[in-house]
Amino acid sequence: MSQPFRTEKGGRIDRAEQLTFTFDGEELHGHKGDTLASALLANGIHLVGRSFKYHRPRGIVTAGSEEPNALVGIYRNGDQTPNLRATQVELYQDLQAISQNRFPSLGFDVGAVNDLLSPLFPAGFYYKTFMWPKSFWDRVYEPIIRSAAGLGRPPKNPDHDYYGNQYAHCDVLVVGSGPAGLAATLAAAETGARVILCDEQAEFGGSLLSVASASIDGKDPSIWVSETIQKLSAMANVTLLPRTTAFGYFAHNFIALAERVTEHLKDPDPKLPRERLWQVRAREVVIAAGAIERPMAFPENDRPGVMLAEAGRTYLNRYGVKVGHKVLVATACDTAWQAAFDLADHGVEVVAIADIRETPPDNLISIAKARGIRVEAGCVVTGTLGRKRVKAALLGRLMTSGQVASGGQVECDALLMSAGWTPTVSLYSQSRGKVVWDAEKGAYVPGKPVQKERSTGASKGLYGLQATLEDGYAAGEEAARAATGKTATFTRATASGGEAGNGGTLGALPHDRDASRVKAFVDYQNDVTAKDVKLAVREGMHSIEHIKRYTTTGMATDQGRLSNMNALQIASGSLERPMPEVGLTTFRQPYTPTTFGLFAGVARGDFFDPVRKTPSHDWVVGNGGVFEDVSQWKRAWYFPKTGEDMHAAVARECKTVRESVGLFDASTLGKIEVVGPDAAEFLERMYTNPWKKLAPGRCRYGLLLNDAGFITDDGVIGRLAEDRFHVTTTTGGAPSVFATMEDYLQTEWPDLDVWITSTTEQYAVAAVQGPKAREVIAPFIEGVDLSAEALPHMSVKEATFCGVPCRLFRISFTGELGFEINVPRRHGRMLWETLAAEIEKHGGTPYGTESMHVLRAEKGYIIVGQDTDGTVTPHDAGMSWAIGKKKFDFVGKRGLERPDLIAENRKQFVGLLTKDPKVKLEEGAQITTAETPATGTPAEGHVTSSYYSPALDRTIALAVVKNGHALEGQTLYVPMPDGSIPVEVTGTVFYDKEGARLNV
Amino acid sequence: MLLIYCPYCQVKRAETEFHCGGEAHIARPSDPSKTTDEDWVDFLYTRSNIKGVYAERWRHIHGCGRFFNAVRDTVSDDFLKFYKAGEPMPDLNALAAEAGK
């Protein structure tokens, strides 16, 4: 099939294997070894997308991951991944690609009207254009901007791929496999050091795969690459990772790599992940990230067909693709001349080499002359013609005055440009190194290493093949010696050709056009022109950080690797300050766009967070129980019978508990075993309550504060023996209470002889609550007298349940006679099923967390974290009784004496009854003194808990209200959208105020 | 991700095994009732939060569970010293000078 721009021979593609693919539905052909970009170019397609803001036609500019324009969507497995760089997408049979940011089609895009309206969209137009009228923002401007924003369309379905994760350690990590990286890898590997080499490209070799005019050890550089890779693959101490981007350099030489495992394959093994995250801890790092070529900022430098010279050379020598039939080369740098020579050698007509330098090197001129190429020195491109593809370029002659005189027009179907080279310092910058300005090279280069790394080759501004190889060997040796202390002798390759390129320019180029009418792009992807940068300075942006954000230059996915230096120079000129004083914005992770899937790894769906289940879980499922999530736990919420909704189920459960008996799974409560001669002393210091006089066999409610004096947790604590306590905590607070105890014990009171152990998972707990609780458990309990006299409220005894040892608490969170039976976790299911069967005989019911909440609210028992919010003291909560007044110290004691904590007007815990017993307040609703408060009136407090109470047959609520304890009997208001709700302030105990039901 | 040395386990492990406990050597007064309100607020809330070398607490929460202290340069994240809880605070200036900070 015809690929009109494919060379006759050469390149690293497999000409025997032809692949079919589609671009916007059009069937095209390429070869194995192509990228999507090279295959499109082989078919003569430069136009691949529309630009972000002005919807200008855009073509492929680079051959690498810095590509700003050729962002495409790829269909795979029924879904589309947007914004992939065509320069990195490897071709496979039946690949389906689409262009982006165009409607209705790439060739005809109505959004292109923006280009004609471009005077309306200067830098910072968001801040200027959409200001008035204010009401238009929500309804008009924002929807329009949102629909116009972005390039690709997000995928419609959840990500069907999965992602791997791999931790790795190595002595030396080498990033980049060009000449410097390969030499460094060889040098380090020869010492026996464990080396990882990664490269973002599919093939190792970097720039060596694109040179046609150099040799290493007398061989073609690509042959040397193959031999070197062959040698390295055979070494057990070397790991080679192609298609792997080092995207983040973090503290302590921790480097994150993204390996693309299957995306280049048509039918990958389904067992393989799409991508794999490598988390590498390297003793030493060698950064051999190379350099990238800078675009020239001349008018209309974004016309499809205008691309970087090195990209043109790469497409030719590596992919066997001619970027055009008539090519103009515009340059400020020697290396682009080589691109022109290589193209000429493949029969491409090079219409001219326009070098802005007055006197380019003589040897280059004579080589050009020998090939019959027209050379224009002191010449700039001042514009391009053509709509969807460049068809001619305007030349301008630089005069000594600094003005430009028209130099005529040349026809061309491709324009290769080079403003020189920019070292890739991104990883160095991420490692927290500070780049330094090298005036001679006209570039920022890595300064002092901050971490254990060194840059080598072009990434530190060193060019020329032999020099790069030598530097790479030295960097690899040094890294290995630093990591392992070992050295080795080995033979080093020598190169000829591939001389260092000199020359370069920065900033906007002079031209003879009407400056107000032309656009010279600095940042292609974000549509930022040279004019925008100047405008930003005129409008008062003097810091490069402000200029960047105002214009969005350098904020595209390449983080300004293409645009920063030109933008900086323009800013520097406008500010009349030298470049180094203008500074450079910081490069941050990730180096190239990285998928969310890579970071999520397996932590999604069921694996996002551990799910904790209690021993009753399966029984609850089997009996139609509904679950709610409480931290990581699945807890039974309510148990609806046929035809019951939640309200009906909860009302029935509550009524049954009050009238006969209920069964509740309390296994999730935190449990901590506190043991040792100083156990009582330790609890005395941790909790507000006194513990030393608590008799073994008795329990007490414990209140835990932080040292600021605020309630952080609570729970019942039972004393099993002189030196042993069974502490319970809230479900959600279990880990933090344990950590807090450890903290005080280890760091403040190391003298105490106490051990604490989390036993949350060791016990299954069933709570049997209600007037018939004693009858229900009696048949199964042995070893303890259950009578009220022998086992009063707030007692704990060790006994057996069906022969299994248990800790039997007589405690209540419902206000009814209650027992909590703790058995070893493995007997939890037996415990639950035995009791579930028994309560049924007594007309009882299992109940869930919702009924538990209602029952406790009827009794005014707080739930820490619901009725308290980290600013509530025991006094505020009406629990001054829980404070051991005679204690010398406890956590929070001093805090409670702080002036703010004893001040008037603190919010205090109260009950609220709506005047209309049917109206249920909303939790979180604000409370005011005025029925219809004026706008801006601060609230007096808020509702913390609100329920329908079956026992009272009316609604009840708990709240915190300023000075609430003094307001009992008064009327306050809860203003809601449908009107203000009058409420009466009451005490917090709504049911059985005397507690008679507990002591039966 | 930081690389942290546990002086009890005597191993270097990734940060994910540890939990940072904030600034070190802030002792809880032995008789809080004798402290002034200002001193108590300082104890509760005031931290040096410096740019540079300082001592902080770490707990090897997914290892031995012990608290220990570390001297870290908050600019570079380099650790200059790890030591057990209860040991005195090292001379931070000397450590900084030694490390060329």
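Give me the one-decimal nm value for the distance between modelled label points at residue A:976 and residue A:237, 7 Å along each residue's Cα-to-Cβ direction.
7.5
Could you give the spread of the C-alpha atoms of chain A along their three principal axes, from largest to smallest, in whole angstroms?
Result, largest extent first: 115, 71, 56 Å.
Name the GluC sites (Glu not before Pro) in segment A:785-840 that are in a loop by DSSP and that have at most 16 other C-beta atoms within 10 Å, would you?
Of the GluC sites (Glu not before Pro), the ones in loops of segment A:785-840 whose Cβ has at most 16 other Cβ atoms within 10 Å are A:789.
Taking each residue in A:697-708, count the Cβ atoms of any other chain within 10 Å of its Cβ, then average. What number comes out?
Per residue, the number of nearby Cβ atoms from other chains is 1 on average.
Hey, what do the phi angles of segment A:359-376 turn into as Karplus ³J(HN,Hα) couplings, whole Hz, using 6.51/-1.76/1.60 and θ = phi - 60°, x for Gly and Pro?
These are the phi-based 3J(HN,Hα) values: 10, x, x, 4, 4, 5, 4, 6, 5, 4, 4, 4, 8, x, 8, 5, 10, 10 Hz.
How would you classify segment A:199-300 from its alpha-carbon gyration tensor, with a ≥ b ≥ c the square roots of the eigenvalues: rounded for a/c under 1.5, else prolate if a/b is greater than b/c, otherwise oblate?
rounded
Of the DSSP beta bridges with both residues in segment A:270-427, give the percent that are antiparallel, rounding to the nearest 5.
Counting only bridges with both partners in segment A:270-427, antiparallel ones make up about 45 percent.
For the protein assembly as shown, what does -39500 (n - 2.57) per DSSP helix run (n ≥ 4), summed and divided by total residues, give at 222 nm, in deg cm²/dmol to the nearest 500?
Theoretical 222 nm ellipticity from helices: -6000 deg cm²/dmol.
Pull up all non-local amide H partners of residue A:452: gap of 5 or more, or a different chain, and H-to-H distance under 5 Å with H placed in the peptide plane.
The list, which skips near neighbours in sequence, is A:253.
Find me the longest stretch of chain A that has none of the exposed chymotrypsin sites (Phe, Trp or Tyr not before Pro), where exposed means in a DSSP loop (not H, G, I, E or B) with at most 15 other Cβ atoms within 10 Å.
With chymotrypsin sites (Phe, Trp or Tyr not before Pro) excluded where exposed in loops, chain A gives A:131-489 as its longest stretch.
Within the protein assembly as shown, which cysteines find no other Cys whose Cβ is under 4.7 angstrom from their own?
Isolated Cys, the protein assembly as shown: A:170, A:198, A:333, A:379, A:412, A:654, A:699, A:802, A:806, B:20, B:64.
Please report the net charge: other residues with Cβ closer than 12 Å to the Cβ of residue A:341, K and R +1, D and E -1.
0
So if each residue of separation counts as 0.36 nm, and I subtract the Cα-Cα distance between residue A:103 and residue A:939, what length gain in nm does that give?
That works out to 295.8 nm of additional length.
For the pair residue B:31/residue B:94, report the inter-label distance in nm, with labels modelled 7 Å from Cα in the Cβ direction.
If labels sit at residue B:31 and residue B:94, their model points lie 3.4 nm apart.
Using R₀ = 41 Å, calculate the FRET efficiency as 1/(1 + (r/R₀)^6) where r is the Cβ-Cβ separation of residue A:370 and residue A:27; round to 0.05.
0.45
Which trypsin sites (Lys or Arg not before Pro) does segment A:574-683 hold that lie in a coil by DSSP with at most 12 other beta carbons within 10 Å?
A:588, A:641
I need the semi-axes of the equivalent ellipsoid of segment A:10-85: take the C-alpha gyration tensor, multiply each eigenvalue by 5, square-root it, list largest first in whole angstrom.
22, 16, 12
Return one whole number: the accessible area per residue of segment A:505-544 in Å², for a 1.4 Å probe.
Averaged over the residues of segment A:505-544, the accessible area is 41 Å².
Lys and Arg at +1, Asp and Glu at -1: add these up for the other residues within a Cβ distance under 10 Å of residue A:704 and post the number.
-2
Quick check on the protein assembly as shown: of the DSSP beta bridges with both residues there, what percent are antiparallel, nearest 5%?
75
Between residue A:436 and residue A:2, what length comes free when the chain is fully extended (0.36 nm per residue of separation minus the Cα-Cα distance, one decimal in nm)?
Difference between extended and current length: 151.3 nm.
Please report the projected area of segment A:295-419's Cα convex hull averaged over all directions, in nm².
Average of the hull's projected areas for segment A:295-419 equals 6.8 nm².
What lysines sit close enough to residue A:486 to cross-link, taking a C-alpha to C-alpha distance under 18 Å and skipping anything fewer than 8 places away on the same chain?
Qualifying lysines at Cα under 18 Å: A:452.
When the Cα centres of segment A:260-319 and segment A:841-858 are compared, how far apart do they sit, in Å?
63
Report the local net charge at residue A:20: Lys and Arg +1, Asp and Glu -1, summed over other residues whose C-beta lies under 9 Å from its C-beta.
-2
For the cross-link pairs A:32/A:322; A:53/A:531; A:134/A:548; A:434/B:101; A:797/A:887; A:634/A:772, which exceed 19 Å when the distance is taken from alpha carbon to alpha carbon?
Among A:32/A:322; A:53/A:531; A:134/A:548; A:434/B:101; A:797/A:887; A:634/A:772, the Cα-Cα distance tops 19 Å for A:134/A:548; A:797/A:887; A:634/A:772.
Can you list the residues of segment A:352-377 with backbone N under 18 Å from a point 7 Å past the Cα of residue A:400, pointing along Cα to Cβ?
Answer for this model: A:357-360, A:377.
Checking the a/c ratio against 1.5 first, then a/b against b/c, what shape does the Cα gyration tensor give for chain B?
Because a/c hits 1.5 or more and a/b fails to exceed b/c, chain B counts as oblate.
Starting from the amide H of residue A:248, placed 1.01 Å from N in the peptide plane, find each other amide H under 5 Å away whose residue is 5 or more places distant or on another chain.
Excluding prolines and chain starts, which carry no amide H, the hits are A:256, A:591.
Starting from the Cα of residue A:77, step 7 Å toward the Cβ, then list every residue of segment A:250-284 with an amide N under 17 Å from that point.
Only A:259-277 fall inside the zone, counting backbone N under 17 Å.
Under the classification rounded if a/c is under 1.5, otherwise prolate if a/b is larger than b/c and oblate if not, where does segment A:485-543 fall, given a ≥ b ≥ c as square roots of the Cα gyration tensor eigenvalues?
Prolate, because a/c is 1.5 or more and a/b exceeds b/c.
Taking 0.36 nm per residue of separation and subtracting the Cα-Cα distance, what length does fully extending residue A:641 through residue A:326 add?
105.2 nm
First measure r as the distance between the Cβ atoms of residue A:623 and residue A:648, then evaluate 1/(1 + (r/R0)^6) with R0 = 22 Å and state the FRET efficiency to the nearest 0.05.
Efficiency at R0 = 22 Å is approximately 0.85.
Through the Karplus equation 6.51 cos²θ - 1.76 cosθ + 1.60, θ set to phi - 60°, convert the phi angles of segment A:501-506 into ³J(HN,Hα) values in whole Hz; use x for Gly and Pro.
Values, residue by residue: x, 9, x, x, 9, 10 Hz.
In what sequence, largest accessible area first, do A:294, B:13 appear using a 1.4 Å probe?
B:13, A:294
What aspartates and glutamates sit close enough to residue A:841 to cross-link, taking a C-alpha to C-alpha distance under 17 Å and skipping anything fewer than 8 places away on the same chain?
Here the aspartates and glutamates satisfying the reach criterion relative to residue A:841 are A:653, A:659, A:775, A:833.
Going by amide H atoms built from the backbone, whose H comes under 5 Å of the H on residue A:379, apart from near neighbours?
Those lying under 5 Å, H to H, from residue A:379 are A:355, A:356, A:357, A:398.
Could you tell me the calculated FRET efficiency between residue A:900 and residue A:721, based on Cβ-Cβ distance and R0 = 51 angstrom, to the nearest 0.05?
Here the calculated transfer efficiency is 0.80.
In percent, what relative contact order does chain B have, based on Cα pairs under 8 Å that are 6 or more apart in sequence?
Relative contact order for chain B comes out at 25 percent.
Out of segment A:357-457, which GluC sites (Glu not before Pro) are coil in DSSP terms and have no more than 13 other C-beta atoms within 10 Å?
Listed in order of number, the matching sites are A:358, A:440.
Kindly give the semi-axes, whole Å and largest first, of the ellipsoid equivalent to segment A:520-583, taking each as the square root of 5 times a Cα gyration tensor eigenvalue.
17, 12, 10
I need to check one value: relative contact order of chain A, counting alpha carbon pairs closer than 8 Å and at least 6 residues apart, in percent.
Computed over chain A, the figure is 9 percent.
Hey, which lysines would be in cross-link range of residue A:918, C-alpha to C-alpha under 28 Å, not counting anything within fewer than 8 residues on its own chain?
A:641, A:655, A:859, A:907, A:962, A:993
The values are calculated or read from the model by the stated rules, or taken from the named source; none is laboratory data. All values reported here derive from a predicted model rather than from experimental measurement. FYI the Cβ positions are ideal-geometry reconstructions off the backbone, even for glycines, and counts take in every protein chain you see. Surface areas here come from the heavy atoms of the whole protein model, side chains and all, with no ligands, DNA or RNA. Shrake-Rupley method; radii C 1.70, N 1.55, O 1.52, S 1.80 Å.
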